[in-house]
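To start, the structure under review is shown below, and the notes come after it.
The values are calculated or read from the model by the stated rules, or taken from the named source; none is laboratory data. Just so we're clear, the structure is a prediction, and the values are computed from it rather than from any experiment. Here Cβ is always computed from backbone atoms with ideal geometry, including for glycine, and neighbour counts include all displayed protein chains.
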Amino acid sequence: MRRYSIASIPGDGIGREVVPAAIEVLTAAAAKCGFVLEFRHFDWSCQTYLETGKMMPDDGLDRLRDHDAVFLGAVGFPGVPDHISLWGLLLPIRREFEQYVNLRPVRLLPGIASPLRDKAPGDIDFWVVRENSEGEYSQIGGRTGTGENEIVVQQAIFSRRGTDRILRYAFDFARRSGRRHVTSATKSNGLYHSMPFWDERFAAIGAEYPDVAADQYHVDILAARFVMSPERFNVVVGSNLFGDILSDLGPGITGTIAVAPSANLNPERRFPSMFEPVHGSAPDIAGQGIANPIGQIWSGAMMLEHLGEAEPAALVMRALETALIAPDIARTPDLGGNGTTAGFAQAVRSTLLGL
Ligand code: NAI
Ligand code: MG
């Protein structure tokens, strides 16, 4: 029997509610399809930080290293500054495990209304590929001078290796998924060094994929086009900062970020990849059992896909989409229903078992 070991880190707030709910659904999919998911739980969170002064133990990364994947809820909670929780848990995992691809689907699900007038499922269906390890998010720079004379410098890092590998991933992904069209987010009219280099590499890598169409837009007009004509996109690749913004704007046009998933991938599979919803710990609703588990469940489907279990992944998505339009299944309050996290997940689970 096929077995996968998964490190689960529920983290903070609603992470502790949506992770167990999603695990119920994934475990049911595994049982139905004849494989086993062995979840090992790591209780690392802001609570851990308040008790020990660290978000995870010193050997935390070593403890995760041998798993097939990491399944994360959310980290960050009032009482611990966000840069502490982020740089103490999430970013070390992404960077040490060379998860240099952040992959996010932007897809309007059935039963969810888009804030864009007249858009139906099928109209909005593309992927954002975000560079996840360098670019504008660096710790290089500094502050000097005081008062009126203060100067701040923040450096961006674009390595040839880092740029080429994310662009190549986008083209490979476009080819593999049959969406043979890659759009690059640039800003080479404003950023004098980094983006002309990015454009150069985009053209060079694109030339290796004559069967994949390539185009590029400055990120400002690209943002406008996400809203005005989302139908035109298939795969959109961007640097760390541009990809970060575009991959929240994307789910925004599909109605709610609560349903959006993401994958932090180490494509070479030297290290485990990490799967997590786009949303955070939602302190405003934490502990009430009403968080929407869809983003976590969909992240789980992406994890199954990564593990090579494409059919079970598709099964989870079909169950999710079926449950979303079933009149007798209560959706969570963010989707206008009066359902609970556990109740909706159970409904997805029994829908799945019945498919
Ligand atoms: P958030 O995503 O936690 O919440 C934003 C709004 O969306 C809130 O009103 C919340 O109730 C709602 N929401 C989010 N997920 C939902 C769900 N599944 N079901 C129903 N409603 C949902 O973002 P916020 O408030 O900016 O951040 C809260 C904490 O989470 C912060 O400490 C932040 O640093 C952390 N965070 C962590 C992330 C991660 O672990 N990758 C990502 C984003 C934020
Ligand atoms: Mg973001």
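Brief remarks on what is shown
- Selection status of A7, touching a strand residue (DSSP E or B) at 6+ places or on another chain (Cβ under 9 Å), in a helix (DSSP H, G or I) and more than 19 Å from P81 (Cα to Cα): no
- In segment 128-141, the residues that are farther than 14 Å from L167 by Cα and surrounded by 10 or more Cβ atoms within 10 Å (Cβ to Cβ): E136, Y137, S138, G141
Each row is one residue, and each column tells you yes or no for (1) of a type in the set (D, E); (2) over 22 Å from L89 (Cα atoms).
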{"position": "L241", "(1), (2)": "no, no"}
{"position": "I245", "(1), (2)": "no, no"}
{"position": "A263", "(1), (2)": "no, no"}
{"position": "S273", "(1), (2)": "no, no"}
{"position": "E276", "(1), (2)": "yes, no"}
{"position": "Q288", "(1), (2)": "no, yes"}
{"position": "A291", "(1), (2)": "no, yes"}
{"position": "L315", "(1), (2)": "no, yes"}
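- The helices (runs of 4 or more DSSP H) located wholly in segment 179-262 that include 2 or more residues which are within 16 Å of the chain's Cα centre (by Cα) occupy 240-253.
- Residue count for segment 246-286, restricted to those that are away from ligand 2 (no atom under 16 Å from the Cβ) and in contact (Cβ under 8 Å) with a residue 40 or more places away in the chain: 12
- Listed by first and then second residue, the pairs with beta-carbon distance under 9 Å, at least 6 apart or on different chains, first residue in segment 185-210 and more than 22 Å from L249 (Cβ to Cβ), second among the acidic types (D, E), are R201/D164; A204/D164; I205/D164; Y209/D172.
- Taking first residues from segment 151-176 that are in contact (Cβ under 8 Å) with a residue 60 or more places away in the chain and partners that are of a type in the set (V, I, T) and assigned to a helix (DSSP H, G or I), the Cβ contacts under 6 Å between residues at least 6 apart in sequence or on separate chains come to L167/I205.
- The single residue among L116, L109, L50 that is in a helix (DSSP H, G or I), over 15 Å from the mean Cα position of the chain (by Cα) and away from ligand 2 (no atom under 16 Å from the Cβ) turns out to be L50.
- So F97, is it crowded, with 22+ Cβ neighbours inside 10 Å and within 21 Å of the chain's Cα centre (by Cα): no
- Against the test of being among the aliphatic types (A, V, I, L, M), at pLDDT 95 or above and in the same structural domain as Y217 (by TED's automatic domain parsing), the options L246, L307, L320 yield a single qualifying residue, L246.
- Against the numbered list (1) away from ligand 1 (no atom under 16 Å from the Cβ); (2) among the hydrophobic types (A, V, I, L, M, F, W, C); (3) more than 26 Å from L304 (Cα to Cα), L241 comes up short only at (1).
- Filter result (β-branched (V, I, T), within 19 Å of the chain's Cα centre (by Cα) and over 25 Å from L64 (Cα atoms)) within segment 295-324: V316
- Leading residue by the ranking (farthest from F233 (Cα to Cα)) among those in segment 245-260 that are in contact with a Gly (Cβ under 8 Å, 6 or more places away or on another chain) and within 11 Å of ligand 1 (Cβ to nearest atom): A258
- Any hit, segment 314-328, residues being without any contact (Cβ under 8 Å) to a residue 40 or more places away in the chain, within 16 Å of ligand 1 (Cβ to nearest atom) and over 21 Å from F39 (Cα atoms): yes
- For segment 293-312, the criterion of a residue being farther than 23 Å from A263 by Cα and either in a loop (DSSP other than H, G, I, E, B) or in contact with a Cys (Cβ under 9 Å, 6 or more places away or on another chain) (or both) is satisfied by no position.
- V80 surrounded by fewer than 22 Cβ atoms within 10 Å (Cβ to Cβ) and farther than 28 Å from Y192 by Cα: yes
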